[in-house]
Amino acid sequence: MNLKNGTIYEIIDPKSLNFNSADRLKITAHFRNVISFTLGDQQGYGSMPVQHLRYLLKRNFLKEII
């Protein structure tokens, strides 16, 4: 899993209320076990534990855009 600043993930279900109906999530900072992110089209920002990001990737709720 790539946790570099600037990594962009596609949100598989953009209608989900968890991400303000955004279609992309971009990592802006990574410090120890917390990441900060912004949502596509400037629809918001937030932070989450790295473990939760791994869970979302494992369950295919997010997909890394290469």
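I'd like to check one number: the per residue accessible area of the chain, probe 1.4 Å, reported in Å² as a whole number.
Numbers: 4810 Å² over 66 residues.
For the chain, the per-residue accessible area is 73 Å².
Are there any trypsin sites (Lys or Arg not before Pro) in the chain that are in a DSSP loop and have at most 12 other Cβ atoms within 10 Å? List them by number.
On the way: sites: Lys4, Lys15, Arg24, Lys26, Arg32, Arg54, Lys58, Arg59, Lys63; in loops: Lys4, Lys15, Arg32, Arg59.
Here the trypsin sites (Lys or Arg not before Pro) that fit, given the DSSP loop and packing criteria, are Lys4, Lys15, Arg32, Arg59.
Quick one: what are the phi-derived ³J(HN,Hα) couplings along the stretch 53-58, Karplus 6.51/-1.76/1.60 with θ = phi - 60°, whole Hz, x for glycine and proline?
4, 4, 4, 5, 5, 5
So, taking all protein chains as they sit and a 1.4 Å probe, how much accessible area belongs to Ser47, in Å² rounded to tens?
Its heavy atoms expose roughly 80 Å² to the probe.
What's the long-distance tail for the chain, i.e. % of Cα pairs beyond 13 Å?
Values: 1284 of 2145 pairs.
Value for the chain (Cα pairs over 13 Å): 60 percent.
The values are calculated or read from the model by the stated rules, or taken from the named source; none is laboratory data. Just so you know, these numbers come straight off a predicted model, no measurement behind them. Because the Cβ atoms are built from the backbone with ideal geometry, glycine has one as well, and the counts that use them run over all protein chains shown. Only protein heavy atoms, including side chains, enter the accessible area calculation; ligands, DNA and RNA are left aside. Shrake-Rupley method; radii C 1.70, N 1.55, O 1.52, S 1.80 Å.
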